[in-house]
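Before we start, here is the structure in question, set down as C-alpha cells.
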Amino acid sequence: MAYYHRLGNIPPKRHTQFRQPDGSLYKEELVSSKGFSGIYSNLYHIHNPNNVQNIGKPTPFDWEIAKEHGLNQTHLKTAGVGTTGKDYLSARKMLMMNNDVMMGICSPEQRKMDYFFKNADGDELLYIHDGEGVMYSQFGKLEVRQGDYIVIPRTTIYRFEFKEEGPLRILVIESKGPIETVKRYRNEVGQLLEHSPYCERDIRPPHEMHTESEKGEYLVQIKKQGMLHPYTYGHSPLDIVGWDGYLYPYALSIHDFEPITGRIHQPPPVHQTFQAWGFVICSFVPRLFDYHPLAIPAPYNHSNIDSDEILYYAEGEFMSRKGIDRGSFTLHMGGLPHGPHPGTVEKSIGAKATEELAVMLDTFKPMFVTTQGLEFVDRNYPMSWTE
Ligand SMILES: [Fe+2]
C-alpha cells in the first residue's frame, strides 16, 4: 500500500468497454486484497489471464524449523557465502522462520530469469544488498539498485534482470500478511505525515509500462502452500496495457530513510520502516549520535519479553557488537537479555556519528532457525559476552 498510481492506457470508467485496435475487448482483471475491502488495482490485458496451456507437477518449496537449535542468542555468518544457487528460486535460502514470516538470502548465479515467479503465499520484501537491475512485472518496469527495499504484493507476476557485473545479494523476507507503510506515520486518509521518516516522494512505483503481446509458451512458477506449481500460459503474463489502483510493487531506498535522533538513545520504533502481521521492519541508517552531554550512544541491555529481534548487518561498523561481519544475521530471542558486547559501551561515549546500515526484523512470536540456517551458526556467539 502506498498511494494511488496509474500507468499506461486505461478506460475513463472502470468495468466499461475498452477496445483493442482490432476491435476486440481488453480483458479487465481486478486484483484485490481482503476480499473487496482492501487495496486493489484494475489491470487491462491483451489476452485472457486464464489462458493456461499446461500445469506441471508441483514440487516442495518450503523450509523446516531446526527444533534442536534451542534457546540461544544466535549469529548466522553468511558473509563468506558466494552464490547460493543457480537461479532466482533455487538460490533462495530461508534461514529463519515462524508462522508469520520467513527471512533468508538469495545470490543466484543466473542474473536473468528465464521464467516468471508469482508468490501466492505471501507478500515479499526484498532488500538489495548488492546488485542492480530491472524488475519486470504486470505493473511495468521498476529499476532497482543497492539499498532498495522492494515490496511485492502477493500474486504479482515478475521476473528480474540483474546486471552481470559486480556481486548480487538479496535479503528475502516473505510475509503471510500484507507488508505496509507504518500506520502511525499516516493520516486518516493514508497520506504519510510530516513526522514520517520517509514520504510518498521516496516511494518509487513502476515507472514505465512493459507490454509483451506475443503468444507462445510462458512458464510462471507459482508458490502456493509451500509448493512450486509450474503453470504454462499461451502468452506472456506481462500483456498489460495499463492499470490503476493502490496495489502494486514499489521500491523504497534505505538511503531515503531519514533517521530520527535525540539527546538520549532513541528506541528502535523510531527506525520503523514497514509493518506486517506479526512483525515490523526497521532501518538503522547513518546518523548523528545522541547529543546529551552525558549520553551513551551504545544501546542498553534489553529484555524484550514479547519479541525476537533479528538484525541483518548491511554496511559499516557496529559499535555495540564484536565479531559481526557484513552479511551477518543476529537473532536475539525473547526470554534472554541482549546488549552491547563488553567494552563497547565505554568505547561509544563521545562518538558523534555512525555509518552503520542494517535491516531489523522484530517478530511478535518466536522466530526459529531453519535446518538450512544451521550451517551458518556461529557456535561461539552465545558466550561472546563472557568477560
Ligand atoms: Fe533489543
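Considering segment 291-310 alone, what residues qualify as being under 18 Å from R321 (Cα atoms) and away from the ligand (no atom under 11 Å from the Cβ)?
I296, P297, A298
Additional query: For K86, state whether it is surrounded by fewer than 18 Cβ atoms within 10 Å (Cβ to Cβ) and at pLDDT 95 or above. Even if it seems obvious, please write down each step before you answer.
Values: surrounded by fewer than 18 Cβ atoms within 10 Å (Cβ to Cβ): yes; at pLDDT 95 or above: yes.
Criteria met by K86.
Of all residues being without any contact (Cβ under 8 Å) to a residue 12 or more places away in the chain and open to solvent by 80 Å² or more (accessible area, probe 1.4 Å) in segment 347-379, which is farthest from the ligand (Cβ to nearest atom)? Just the residue, please.
Out of the qualifying residues, it is E375.
Determine which member of the set L76, L71 is part of a strand (DSSP E or B) and either in contact with a Ser or Thr (Cβ under 9 Å, 6 or more places away or on another chain) or surrounded by fewer than 22 Cβ atoms within 10 Å (Cβ to Cβ) (or both). Even if it seems obvious, please write down each step before you answer.
Details: L71 fails: part of a strand (DSSP E or B).
Criteria check complete, one pass: L76.
Starting from residues that are open to solvent by 50 Å² or more (accessible area, probe 1.4 Å) and either modelled with pLDDT under 95 or not acidic (D, E) (or both), keep the ones in segment 20-31 and report whichever is nearest to Y246 (Cα to Cα).
The selected residue is L30.
Related question: Pick out the one residue from F160, F117 that is assigned to a strand (DSSP E or B), among the aromatic types (F, W, Y) and in contact with a Gly (Cβ under 7 Å, 6 or more places away or on another chain).
Values: F117 fails: in contact with a Gly (Cβ under 7 Å, 6 or more places away or on another chain).
Selected residue: F160, the only one of F160, F117 that is assigned to a strand (DSSP E or B), among the aromatic types (F, W, Y) and in contact with a Gly (Cβ under 7 Å, 6 or more places away or on another chain).
Filter segment 44-66 for residues that are of a type in the set (A, V, I, L, M, F, W, C) and either touching a Lys or Arg at 6+ places or on another chain (Cβ under 8 Å) or open to solvent by 50 Å² or more (accessible area, probe 1.4 Å) (or both); which is farthest from D239 (Cα to Cα)?
Filtering segment 44-66 for residues of a type in the set (A, V, I, L, M, F, W, C) gives 46, 52, 55, 61, 63, 65-66.
Those still in the list that are either touching a Lys or Arg at 6+ places or on another chain (Cβ under 8 Å) or open to solvent by 50 Å² or more (accessible area, probe 1.4 Å) (or both) too: 46, 52, 55, 61, 65.
Working: I46: 6, V52: 14, I55: 20, F61: 27, I65: 39 Å.
Here the answer is I65.
A follow-up question, please. Inside segment 326-346, can you point out the residues that are open to solvent by 30 Å² or more (accessible area, probe 1.4 Å) and within 14 Å of the ligand (Cβ to nearest atom)? Spell out how you get there, then give the answer.
First, the residues of segment 326-346 that are open to solvent by 30 Å² or more (accessible area, probe 1.4 Å): 326, 335-337, 342-343, 345-346.
G335, L336, P337 - these are the residues of segment 326-346 that are open to solvent by 30 Å² or more (accessible area, probe 1.4 Å) and within 14 Å of the ligand (Cβ to nearest atom).
Considering segment 285-325 alone, what residues qualify as being farther than 19 Å from P337 by Cα, open to solvent by less than 30 Å² (accessible area, probe 1.4 Å) and in contact (Cβ under 8 Å) with a residue 60 or more places away in the chain?
Filtering segment 285-325 down to residues farther than 19 Å from P337 by Cα leaves 285-295, 313-317, 325.
Those left that are additionally open to solvent by less than 30 Å² (accessible area, probe 1.4 Å): 285, 289-290, 295, 313-314.
Selection gives V285, F289, A314.
A further question on this structure: Tell me, which strands (runs of 3 or more DSSP E) wholly within segment 237-349 include 2 or more residues that are at pLDDT 90 or above, of a type in the set (S, T, N, Q) and farther than 30 Å from T16 by Cα?
Numbers: elements: 240-245, 250-253, 272-276, 279-284, 308-315, 328-332.
Strands (runs of 3 or more DSSP E) meeting the threshold: 272-276, 328-332.
Kindly check whether there is at least one residue in segment 86-94 that is farther than 29 Å from E309 by Cβ and basic (K, R).
From segment 86-94, those farther than 29 Å from E309 by Cβ are 86-87, 90; that's our starting set.
If we keep only those that are basic (K, R) as well, we get 86.
Yes, some residue in segment 86-94 is farther than 29 Å from E309 by Cβ and basic (K, R).
I need the full set of residues from segment 39-62 which are hydroxyl-bearing (S, T, Y), more than 19 Å from P230 (Cβ to Cβ) and in contact with a Leu (Cβ under 6 Å, 6 or more places away or on another chain), in order please.
First pass over segment 39-62, keeping only residues hydroxyl-bearing (S, T, Y): 40-41, 44, 59.
If we keep only those that are more than 19 Å from P230 (Cβ to Cβ) too, we end up with 40-41, 44.
Listed by number, the residues that qualify are Y40, S41.
The values are calculated or read from the model by the stated rules, or taken from the named source; none is laboratory data. Predicted model only: the values in this text are computed from it and were never measured. Quick reminder, even Gly has a Cβ in these numbers, built from the backbone with ideal geometry, and neighbours come from all protein chains shown. For accessibility, only protein heavy atoms count, side chains too; no ligands or nucleic acids. Shrake-Rupley method; radii C 1.70, N 1.55, O 1.52, S 1.80 Å.
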